[in-house]
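The values are calculated or read from the model by the stated rules, or taken from the named source; none is laboratory data. Note that the structure is a prediction, hence the values are computed from the model and not measured. Cβ: placed from backbone, ideal geometry, glycine included. Neighbour counts: every protein chain shown.
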Amino acid sequence: MRVTQSMLSQNMLRNLSSSYNNMGKLQEQLNTGKKVNRPSDNPVVVMKGMGYGMQVNKVEQYQKNMGEVNNWLDSSDDALDGVGQVLHRMKELATNAANTGAMTETDRKAIETEIGQLREHLQDVANTKVGDKHIFSGSMTDKPLYNKEKDKDGKIIGYEQGQSFKNNVEIEVFDGINLRVSTDVSKMFQDIDKMLEEVKDFTATGSSDKGSFSKMIGDIDSQLDVVLSKRADIGARSNRAELMHNRLEMQEGAAKKQRSQNEDVDYEKTITDLITSESIHRATLSVGARIMQPSLMDFLR
């Protein structure tokens with residue numbers, strides 16, 4: 001077959017174009033740090049990258065959920081710590097009030113006033129919120145546990161009694177794994193509120209004997225045990241949440257490593273390939289210049 005000057009020129013131009021494309025792709029990889037920048041580059045890598053990306057996003061969402069779990073548990077524990085402080089103060093007041101012989105009317109009035117304030121404080125604690133959610137209202141997170149509104153008879157509704165205010169609230173922290181963040185303390189708050197009312201009545205009338213106050217002090221100790229039990233339950237769930245947090249960090253690291261291995265370029269190899277491609281391109285230009293150079297005058301010489 002006769003090879004013409006036109007065929008040599010066309011082959012050279014085609015090879016130069018291919019060389020430019022190859023260098024352009026390598027330069028784009030170095031600029032973006034990615035092996036592929038469009039699906040047509042490598043559909044398999046792109047599909048795997050989408051899967052790894054979804055896994056990373058899922059883990060990141062679970063980590064955000066863990067933040068909310070910790071907010072609920074920490075806020076619940078802080079609130080119950082406040083309840084314990086109130087009960088300790090109640091015990092002091094009940095002990096003082098039991099000494100009816102040494103108590104004056106002014107003393108009893110002061111204790112009655114303080115107990116009233118403690119009762120209101122506990123009602124506020126019962127309505128503790130994280131963000132816009134009431135953490136002690138069960139699944140009825142949009143409503144307070146202690147309802148300060150008045151009914152048709154003009155009386156304050158008080159603590160809600162429905163089962164919904166006792167239902168658990170769970171947050172998903174991994175595939176198929178939910179952590180309970182709510183703490184059922186509705187009965188505890190109601191019992192303490194009732195006890196506070198009784199103590200207030202005792203101190204107001206001054207008619208109760210030491211036996212009644214001794215029983216009251218025993219009831220306060222019982223409620224302290226309930227508070228400690230609730231806090232122990234919160235502590236156990238907090239420990240599990242910490243373990244889950246560590247597991248999510250490991251999952252995040254593994255998912256990002258897989259995505260990196262699938263998508264990210266090996267800079268050393270890519271730079272070497274680019275240098276090699278540039279050398280080949282220069283050689284092609286040099287040979288092409290020599291092929292294109294001869295003319296009729298060159299042959300006549």
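What to note about this one:
- No other residue among GLN85, GLN10, GLN63, GLN29 is under 22 Å from the mean Cα position of the chain (by Cα) and in a helix (DSSP H, G or I) apart from GLN63.
Conditions tested, residue by residue: (1) buried (at least 16 other Cβ atoms within 10 Å of the Cβ); (2) part of a loop (DSSP other than H, G, I, E, B); (3) within 26 Å of the chain's Cα centre (by Cα).
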{"site": "ALA110", "(1), (2), (3)": "no, no, no"}
{"site": "GLY116", "(1), (2), (3)": "no, no, no"}
{"site": "GLU120", "(1), (2), (3)": "no, no, no"}
{"site": "MET140", "(1), (2), (3)": "yes, yes, yes"}
{"site": "PRO144", "(1), (2), (3)": "yes, yes, yes"}
{"site": "GLU149", "(1), (2), (3)": "no, no, no"}
{"site": "ILE157", "(1), (2), (3)": "no, no, no"}
{"site": "GLU172", "(1), (2), (3)": "no, no, yes"}
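Here is a yes/no grid of residues against (1) under 27 Å from ILE234 (Cβ atoms); (2) among the basic types (Lys, Arg):
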residue: GLY84; (1), (2): yes, no
residue: ARG119; (1), (2): yes, yes
residue: LEU122; (1), (2): yes, no
residue: MET140; (1), (2): yes, no
residue: PRO144; (1), (2): yes, no
residue: ASP153; (1), (2): no, no
residue: TYR159; (1), (2): yes, no
residue: LYS166; (1), (2): yes, yes
residue: VAL185; (1), (2): yes, no
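- Residues of the stretch 2-45 classified as hydrophobic (A, V, I, L, M, F, W, C), over 26 Å from SER286 (Cβ atoms) and modelled with pLDDT under 75, total: 0
- Cross-chain or 6+ apart pairs with Cβ under 9 Å, the stretch 188-199 first and in contact (Cβ under 8 Å) with a residue 40 or more places away in the chain, then hydrophobic (A, V, I, L, M, F, W, C) and outside any helix (DSSP H, G or I): PHE189/PHE136; PHE189/LEU145
- Residue under evaluation GLY176, criteria (1) loosely packed, with under 12 Cβ neighbours inside 10 Å; (2) modelled with pLDDT of 90 or more; (3) within 28 Å of the chain's Cα centre (by Cα), criterion not met: (2)
- Flag set for ALA232, criterion: loosely packed, with under 14 Cβ neighbours inside 10 Å, in the same structural domain as LYS58 (by TED's automatic domain parsing) and modelled with pLDDT of 80 or more.
- Selection from the stretch 176-187 of residues that are without any contact (Cβ under 8 Å) to a residue 60 or more places away in the chain and closer than 30 Å to LEU248 by Cα: GLY176, ASN178, ARG180, ASP184
- Once the stretch 46-57 is narrowed to residues that are farther than 9 Å from ARG259 by Cα and surrounded by 15 or more Cβ atoms within 10 Å (Cβ to Cβ), the residue that is modelled with the lowest pLDDT is VAL46.
- Some residue of the stretch 39-60 being under 35 Å from the mean Cα position of the chain (by Cα), within 30 Å of THR270 (Cα to Cα) and not in a helix (DSSP H, G or I): yes
Conditions tested, residue by residue: (1) hydroxyl-bearing (Ser, Thr, Tyr); (2) out of contact with any Lys or Arg (no Cβ under 8 Å at 6 or more places or on another chain).
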{"position": "LYS143", "(1), (2)": "no, yes"}
{"position": "LEU179", "(1), (2)": "no, no"}
{"position": "THR183", "(1), (2)": "yes, no"}
{"position": "PHE189", "(1), (2)": "no, yes"}
{"position": "LYS215", "(1), (2)": "no, yes"}
